[in-house]
Amino acid sequence: MRTAQVILDIPTRALSDAFTYEVPAPLIPAIDIGCCVRVDFNNRPALGYVLAIVEEPNATLDYARLKPIDQVLTSSLFTQNASELAQWIAHEYISPLSEAIRLFMPPGASPRLSRDEKGEYVLRQPQVHPVDDRWVSLTEEGQSYIPKRTAIRQRAVIETLRSGEMRVAELSLTFSQISSILNVLEKQGVVRIENRRHIRGMAQMPQRTKETVILTDGQSQALTLIMNAVERKDGSVVLIDGVTGSGKTEVYLRAISRVLAKGQSACVLVPEIALTPQTVGRFRGRFGDQVAVLHSRLSSGERYDQWDLIRTGAARVVVGARSALYAPYADLGLIVIDEEHEGSYKQESSPRYHTRDVAHKMAECLGITLVLGSASPSLESLRQCQMGEWHCVELPERACGRPLPAAQVVDLSKELQAGNKTMFSRALQQALRETIEREEKAVILLNKRGFSSFLLCRDCGYVPECDSCSVSLTYHRGAIPVEYDRGLKQAGGSGYLMCHHCGAIREVPTVCPKCGSRYLKQLGPGTEHAAEQLEMILPEGTPIIRMDADTTRNKGAHERLLEEFMTAETGVLLGTQMIAKGLDFPDVTLVGVLIADVTLKLPDFRAPERTFQLLEQVAGRAGRAEKDGHVIIQTYWPEHYAIRAAAAHDRRAFMAAELPIRKELGYPPYARLTNIIIKSEDKKLVRDAAVELGDALRALIDGPRDLFSDSPSAIHDCCEVVSPISSWQVLGPAPCLFSRLRGDYRWHILIKSPCDADISTVIEPIIRSCRMPRGVSVSVDVDPADLF
């Protein structure tokens, strides 16, 4: 009897193992690994995916009790390699296997079961399909065909087609009733009409460029190191540690070109959608229509078309965000992760994987090379290189030969003492005016958005807060965006309050709801306010382009704003972190950071590292061409080692101060963290559940093992397969920083473990054995990017 291992499409850790089903003889020709099938589970229909097909008999199975697969619904949606990697992701990050499998699914191609009005289960097939265009061209006979004198429109159509083939849709814009004309001409053998695949959202390709740049010694060394690793096929990791402007992207392009020459494919990941337009432009300029793009701003149809180009092998270079890693590559030969230090490579929802670690595992399994690049690599990656696990090559100089920009630190407290109450120091104001006078460009970073962080009643101290989240509402000027307009009244169009976590919108109160005072003050200025002050500082008419989560909300906004800044003769690009990395504008000579220590104040052990990386990255936007760059860093904490090191471009000084603190406290890269979040709408229930789970974890790690004699044996076995469990540490439970979010109260438990620990084997049995009350959910974040 042939059997299949089927993982049910039900996202719960309780069903994380595959179930065995019989494969009926009529279904044998159609079934394959990766197929979506319909099965009976617990006397109701369910969908699942085939992970493996077993033909050999199994003495432990009771074949008489096996249920048959009812129906094969799709062809294979993922490969055997994808199945194995998904199982690793599910184990490593303690997530349901069905959620890990979905990472590899075609966009919108997975069937769904839902109940109709009668309560019966109905199969919903995907609605995303390829789209064809109708193209028309002249036949050989049509080139010399002369219509009748009275067939004026036929004559016009033929003359139009003599310049080349066209889409029927384009012709219809010029000629009415084009279908009837083309039908007559087709019957006469004058034109040929054929259907061709239409690739939705495919922009016009830039002109192809050649490899004309002469590589520096560092670039040549990096390329040689990468290609040697490609030839070894041993899953090596190469870290390119290059300063901003050192030519890392050119190294990527050269390496990919050689991989393509071997008949293989390449994957290039970028951390921000804002980087995609420039990156895609450079890669399409080199590789043309072989480049596909995958990111979250694509529509379902656009995403499906790009996915299908990859599956068919028409596109062999994929550029995109973290989801591009799971595209159906025919023969993947190289993975590149640019700006590898970025926190956006960490998935926030289940499965909460880190792209760098999944890519490393994929490289090991496939025997391909992983290239990491950054001007400010993560401490975890640098640690791997120091231990000899990964290869590292440094690019300490810019490819253009220009020096790194000089940085000036301005103490904002002294500015305030001098009577300057604006967001811009006197030095930055003067530098901005001089930059515009020279018809050069500037980049201004403010890591906040909105006009003002919050409203404050100056009489009683009341601050409007979100009803569902434990955060203050952010004040925005102007009209409510169309997508958020819920019929709220705006007092004279003065603005609105918004929660940046759940999206709740509220009216701006005219008086304090608590004491009735009219003295409501806006505190904590954001990008809107900064843009207004820039208009007062700079000459009238100076282009000011603002890029933040508000201005880039709509599709295509990133491309439009960057194009506007690039084509302007002079101007200022003002924005949040999305402008701080990866963007290459040769005519930018000034970079200003308005409040550098904002990220230092966050309750996160990575705060100094992120501050250093952010400053180092944004400073690198200046002086990338012939003219020298200048950086002005404004801060209330000028003596902090992260700011001093960034201003001096001295990473060694930063690491000398930061690493001893990490080591003493047991934080990465010297340990692994696991953040367990317990949440519920009931405040007392979530606290009690968190305490119970914390006691169970602490009893395992600190207490006697026989306390769990009724629990699964894996709890006892886990102590033998990981680093000594006595070296683990359980902290908490305690309320999260955002103790309430989207209506749920949140507590968390933090676990520290050695770097080589098998976290899932220890923690998952405990979580399964502690049955949470109804209404309480538990999520596990292994190697969290933050602890909020």
Test: residue 38 is within 19 Å of residue 112 (Cα to Cα), open to solvent by 50 Å² or more (accessible area, probe 1.4 Å), in contact with a Phe, Trp or Tyr (Cβ under 8 Å, 6 or more places away or on another chain) and of a type in the set (D, E, K, R)
no
Could you look through segment 718-759, keep only residues that are closer than 22 Å to residue 89 by Cβ and open to solvent by 40 Å² or more (accessible area, probe 1.4 Å), and pick out the one that is modelled with the lowest pLDDT?
721
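Being surrounded by fewer than 24 Cβ atoms within 10 Å (Cβ to Cβ) and in a helix (DSSP H, G or I) is the requirement here; does residue 610 meet it?
Values: surrounded by fewer than 24 Cβ atoms within 10 Å (Cβ to Cβ): yes; in a helix (DSSP H, G or I): yes.
Against the criterion (surrounded by fewer than 24 Cβ atoms within 10 Å (Cβ to Cβ) and in a helix (DSSP H, G or I)), residue 610 qualifies.
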Of everything in segment 764-781, what is open to solvent by less than 30 Å² (accessible area, probe 1.4 Å) and in contact with a Leu (Cβ under 8 Å, 6 or more places away or on another chain)? Give them in sequence order.
766, 767, 770, 776, 778
Got a number for residues in segment 534-561 being open to solvent by less than 60 Å² (accessible area, probe 1.4 Å), out of contact with any strand residue (DSSP E or B) (no Cβ under 8 Å at 6 or more places or on another chain) and outside any loop (DSSP other than H, G, I, E, B)?
2
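Listed residues 644, 624; which is open to solvent by 20 Å² or more (accessible area, probe 1.4 Å), farther than 17 Å from residue 341 by Cα, outside any loop (DSSP other than H, G, I, E, B) and touching a Pro at 6+ places or on another chain (Cβ under 8 Å)?
Exactly one of 644, 624 is open to solvent by 20 Å² or more (accessible area, probe 1.4 Å), farther than 17 Å from residue 341 by Cα, outside any loop (DSSP other than H, G, I, E, B) and touching a Pro at 6+ places or on another chain (Cβ under 8 Å), namely 644.
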Which of (1) touching a residue at least 24 places away in the same chain (Cβ under 8 Å); (2) assigned to a strand (DSSP E or B); (3) more than 27 Å from the chain's Cα centre (by Cα) does residue 735 not meet, given it meets every other one?
(1)
Residue count for segment 244-276, restricted to those that are within 13 Å of residue 222 (Cβ to Cβ) and part of a loop (DSSP other than H, G, I, E, B)
2
Give just the number: which of (1) more than 29 Å from the chain's Cα centre (by Cα); (2) touching a residue at least 60 places away in the same chain (Cβ under 8 Å) does residue 72 not satisfy?
(2)
Scanning segment 571-584 for residues that are farther than 12 Å from residue 445 by Cβ and crowded, with 18+ Cβ neighbours inside 10 Å, which turns out nearest to the chain's Cα centre (by Cα)?
582
Where residues in segment 269-307 are more than 20 Å from residue 576 (Cα to Cα) and of a type in the set (Ser, Thr, Tyr), which of them is modelled with the highest pLDDT?
304
When you scan segment 606-621, do you find a residue that is within 23 Å of residue 652 (Cβ to Cβ), out of contact with any Cys (no Cβ under 6 Å at 6 or more places or on another chain), modelled with pLDDT of 95 or more and acidic (Asp, Glu), even just one?
yes
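Would you say residue 98 is outside any loop (DSSP other than H, G, I, E, B) and either free of Cβ contacts under 8 Å to residues at least 40 places away in the same chain or not hydrophobic (A, V, I, L, M, F, W, C) (or both)? Walk me through how you get there before you give the answer.
On the way: outside any loop (DSSP other than H, G, I, E, B): yes; either free of Cβ contacts under 8 Å to residues at least 40 places away in the same chain or not hydrophobic (A, V, I, L, M, F, W, C) (or both): yes.
Yes; evaluated as a whole, the condition is true for this residue.
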Test: residue 169 is of a type in the set (Gly, Ala, Ser) and modelled with pLDDT of 85 or more
no
Please verify whether segment 486-496 includes one or more residues that are open to solvent by 20 Å² or more (accessible area, probe 1.4 Å) and at pLDDT 80 or above.
no
Give the residue that is surrounded by the fewest Cβ atoms within 10 Å (Cβ to Cβ), with candidates limited to residues of segment 357-383 that are among the hydrophobic types (A, V, I, L, M, F, W, C) and over 27 Å from residue 618 (Cβ atoms).
365
Single residue of 506, 546 found to be free of Cβ contacts under 8 Å to residues at least 60 places away in the same chain and farther than 30 Å from residue 243 by Cα:
506
Within segment 159-200, work out how many residues are open to solvent by 30 Å² or more (accessible area, probe 1.4 Å), over 11 Å from residue 137 (Cβ atoms) and among the aliphatic types (A, V, I, L, M).
4
Go through the residues of segment 336-357 one by one and say whether even a single one is touching a Cys at 6+ places or on another chain (Cβ under 8 Å), among the hydrophobic types (A, V, I, L, M, F, W, C) and closer than 30 Å to residue 102 by Cβ.
yes
Pull out all pairs, ordered by first then second residue, where Cβ-Cβ is under 7 Å, the residues are six or more apart or on different chains, the first lies in segment 7-22 and is in a loop (DSSP other than H, G, I, E, B), and the second is acidic (Asp, Glu) and crowded, with 16+ Cβ neighbours inside 10 Å.
11/99
Report yes if residue 415 is within 18 Å of residue 628 (Cβ to Cβ) and modelled with pLDDT of 90 or more, otherwise no.
no
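The values are calculated or read from the model by the stated rules, or taken from the named source; none is laboratory data. Just so it is clear, the model here is predicted, and its values are computed rather than measured. Using ideal geometry, Cβ is built from the backbone for each residue, glycine included, and neighbour counts are taken over all protein chains shown. For the accessible areas, the whole protein counts, side chains as well, though only heavy atoms, and no ligand, DNA or RNA atoms are used. Shrake-Rupley method; radii C 1.70, N 1.55, O 1.52, S 1.80 Å.
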